[in-house]
There are 2 protein chains.
Amino acid sequence: METGRSLMDAVRERCGRCSGRSLSICNVIDDQDLPALVAASSRVVVSSGRCFIQEGAPAHDFYVLTGGRAKLFTLMPDGRRQIVGFAELGDFLGLTSSETYAFTAEALGDVTLCRFPHSAIDRLVERFPRLRGRLQKEASSELVKMQSRLMVLGRKTARERLASFLVEQASPCCGHHALHDEQEPITLPLPMSRTDIADYLGLTIETVSRTFGLFRKEGLISVKGASSVTLLAPGVLSDIANGIKRD
Amino acid sequence: METGRSLMDAVRERCGRCSGRSLSICNVIDDQDLPALVAASSRVVVSSGRCFIQEGAPAHDFYVLTGGRAKLFTLMPDGRRQIVGFAELGDFLGLTSSETYAFTAEALGDVTLCRFPHSAIDRLVERFPRLRGRLQKEASSELVKMQSRLMVLGRKTARERLASFLVEQASPCCGHHALHDEQEPITLPLPMSRTDIADYLGLTIETVSRTFGLFRKEGLISVKGASSVTLLAPGVLSDIANGIKRD
DNA sequence: CCCATCAATTGATCTAGATCAATCTTCCAC
DNA sequence: GTGGAAGATTGATCTAGATCAATTGATGGG
């Protein structure tokens, strides 16, 4: 919470250069109204490996991710883990129907966030009704992504799962600009570990690694040091992801 | 769309006895405002096995399910199917971020619905702002359910999946009233086929059937003619669902 | 009531992916 | 650089659940 002169500075500092601005819920707020947004929120920096949302903890705050990436996961009592999503620039976290968070969020590398207390969002929504619609749209679009993830986990083979993952990573924001060119190679950073990918796809690290190996041998990808891949044939990978066989 | 005298009749007819009223989005609308709701919507009856939402078709309408149950699924090009949910009384269908439906909805037995054209919902939301919040809450709660479904499909064994399914069926409305008593037997109708259950849980019919058989032998359930189960030990099933071993 | 049809169960095998077990990289901290 | 620790790859085996194959049981039309 900031006021007066420093608030204007804060707006310039926080929103002026915020690369998440156009992607996130903030994009329904006019420039002149930004101070209200800044006043309602606080900037949070989370260092690599730290958790900023705890599954089951009281849900006091919403977050907009403004830098870095995070993994979102749930645990079973015996430690089995399912990653329910990877958050990126502009993603809105902490929407929950209940009074507690449904997942844990951990920073993959250093992460910056804007934190909005629950109560502050209520006030903002009252003042900027379009925000409510934006929040709903956010939830709906997440819901659609979830439905395709259910298909991945319920019905796809290991090959199809990894291909789905790679294609998804190549088209952030729910396939917005799709794959620019189906044939054009695309290089992606993979800030998550093989273990994370395995827990996302319902596989083991060994299977993930072997499948990466296969794709490499088949000339579909090339790997640079485990945290960067180039999709050499995005179109083929996309077909594999959808269970389509080319001959 | 109805007017005048017949509208009042329609309200009495449609909403007065609607058992979904208290569960659905309609529960944020005062009785006196119901006519607006009725005027904006039309009643639809769908007979068993018919689809009323088609994956990929232009999303013109929203639906509130007011009677019966439906299965929601997506297909892969080769016909593999993933059931993404079973809709029941009061459920709101057709929320989507894109211009097309993300899944197909098919009636399990005869189904009645209230259909709201997209445009009508926009007008209603403008007139009744609380509706917007209700819609968002609906989407958020669905999102939370999805996250636990990802765990089911990604990390649970066949036993755990079927137990999860049975416990979920026993506590409709996202575990609202939970299991009244963990030890009290509960009898459930199962309007869906074994194939549907398999496609919901990412298993084959054979595995579903075998696992039902095991639960029966272990005295955890008793089955009446494939479309009705009694959970004899809901607490134990719940523990199995969560991977907790009692000894 | 009885047959036909389709769903569900049960049994026998097979296999994709898990598990167990070494290496081999990568990349810091020193 | 250099040692070492964590992560990734690769290989050998095992197994839960898939697949293939009957058989049994429901359900509904004539």
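Counting only protein heavy atoms and a 1.4 Å probe, tell me what percentage of chain B's accessible area is made up of carbon and sulfur.
After summing per-atom areas, the C and S share lands at 52 percent.
Can you give the charge dipole size of chain A about its Cα centre, rounded to the nearest 20 debye, using +1 on the beta carbon of Lys and Arg and -1 on the beta carbon of Asp and Glu?
Computed about the Cα centre, the dipole is about 320 debye.
Report the relative contact order of the stretch A:4-148, percent, no decimals, based on alpha-carbon pairs under 8 angstrom and at least 6 residues apart.
On the way: 250 pairs, mean separation 44.7, N = 145.
Worked out over the stretch A:4-148, it gives 31 percent.
Please list, ordered by chain and number, the residues whose modelled amide H lies under 5 Å from the amide H of A:G85; skip anything fewer than 5 residues away on the same chain.
The answer is A:L72.
In nm, to one decimal, how far is the modelled label at B:K224 from the one at B:Q183, with both set 7 Å along Cα→Cβ?
Result for the modelled spin labels: 2.4 nm.
List the distances, in nm and shortest first, from the label point of B:V45 to the matching label points in every other copy, placing each point 7 Å from Cα along the Cα-to-Cβ direction.
6.6
Tell me, what is the FRET efficiency for B:T204 and A:D30 to the nearest 0.05, using R0 = 51 angstrom and their Cβ-Cβ distance as r?
Efficiency for this residue pair is about 0.40.
State which stretch of chain B is the longest one without any exposed GluC sites (Glu not before Pro), exposure meaning a DSSP loop state and at most 14 other Cβ atoms within 10 Å.
B:1-98
How much mean residue ellipticity at 222 nm does chain A get from its helices, if each DSSP H run of length 4 or more adds -39500 (n - 2.57) and you divide by all residues, to the nearest 500 deg cm²/dmol?
Taken over chain A, the calculation gives -12000 deg cm²/dmol.
With every atom except the alpha carbons ignored, what do you get for Rg and Dmax of the stretch B:91-247, in angstroms?
Rg and Dmax of the stretch B:91-247, Cα atoms, are 18.1, 58 Å.
Return the distance in nm (one decimal) between the two label points of a simple spin-label model at A:R159 and A:S6, each offset 7 Å from Cα along Cα→Cβ.
Taking the simple label geometry, A:R159 and A:S6 are separated by 6.0 nm.
If you roll a 1.4 Å probe over the heavy atoms of the protein chains, what accessible area per residue do you get for the stretch A:4-148, in Å²?
43
Taking 50 Å² as the minimum loss, tell me which residues in the stretch A:123-142 lose that much accessible area going from the chain by itself to the full protein complex (1.4 Å probe).
Going by heavy-atom accessible area, the residues of the stretch A:123-142 that drop by at least 50 Å² are A:R132, A:Q136.
Long-range amide H contacts for A:D61: which residues qualify at under 5 Å (H placed 1.01 Å from N, peptide plane, sequence gap of 5 or more or a different chain)?
Close amide H contacts, sequence-distant or interchain: A:H118.
Over the stretch B:156-241, what per residue volume does the convex hull of the Cα atoms give, in whole Å³?
85
Using +1 at the C-beta of Lys and Arg and -1 at the C-beta of Asp and Glu, which of B:A40, B:T66, B:I29 has the Cα lying farthest in the positive direction of the dipole of the stretch B:9-66?
B:T66
In terms of Cα to Cα distance under 15 Å, which aspartates and glutamates are near enough to B:K137, apart from those fewer than 8 places away along the same chain?
Here the aspartates and glutamates satisfying the reach criterion relative to B:K137 are A:E99, A:D122, A:E138, A:E142, B:D91.
In nm to one decimal, list the spacings between the A:D33 label point and its equivalents in the other copies, with label points set 7 Å along Cα to Cβ, shortest first.
List, nearest first: 2.1 nm.
Taking amide H positions as placed in the peptide plane 1.01 Å from N, state which residues far from A:R50 in sequence (5 or more) or on other chains have amide H under 5 Å from it.
Distant-sequence amide H within range of A:R50: A:A107.
Rg to Rh ratio, the protein assembly as shown, alpha-carbon atoms and Kirkwood radius?
On the way: Rg = 23.6 Å, Rh = 24.3 Å.
Taking Rg over the Kirkwood Rh, I get 0.97.
What percent does the relative contact order of chain B come to when contacts are Cα pairs within less than 8 Å and at least six residues apart?
Dividing the mean separation by the residue count of chain B yields 18 percent.
Would you mind listing the distances between the A:R123 label point and the same position in each other copy? Use 7 Å along Cα-to-C-beta, nm, one decimal, shortest first.
Result for A:R123, in nm, nearest copy first: 3.6.
In 10 Å bins starting at 0, how do the alpha-carbon pair distances of the stretch B:4-148 split up by percent?
11, 42, 36, 10, 2, 0
Tell me the total accessible area that A and B bury against each other, 1.4 angstrom probe, in square angstrom rounded to 100.
The A and B chains share an interface burying roughly 3800 Å².
Work out the FRET efficiency for A:E55 and B:E13 from their Cβ-Cβ distance, taking R0 = 45 Å, and round it to the nearest 0.05.
0.50
What pairs from A:K156/A:K245; A:K156/A:K224; B:K156/B:K245 go past 19 Å between their alpha carbons?
Details: A:K156/A:K245 14 Å; A:K156/A:K224 26 Å; B:K156/B:K245 14 Å.
Listed pairs above 19 Å: A:K156/A:K224.
Can you work out ³J(HN,Hα) from phi for every residue in the stretch A:94-109, in order, using Karplus 6.51 cos²θ - 1.76 cosθ + 1.60 and θ = phi - 60°, giving whole Hz and x for Gly and Pro?
These are the phi-based 3J(HN,Hα) values: x, 4, 8, 7, 9, 8, 10, 5, 8, 8, 9, 10, 10, 5, 9, x Hz.
Roughly how many Å is it from the Cα centre of the stretch A:23-76 to that of the stretch B:144-170, as a whole number?
29
The values are calculated or read from the model by the stated rules, or taken from the named source; none is laboratory data. Everything numeric in this text was worked out from a predicted model, so none of it was measured. Note: ideal-geometry Cβ built from the backbone for every residue, glycine included; neighbour counts use all protein chains shown. Accessible surface areas use protein heavy atoms only, side chains included; no ligands, DNA or RNA. Shrake-Rupley method; radii C 1.70, N 1.55, O 1.52, S 1.80 Å.
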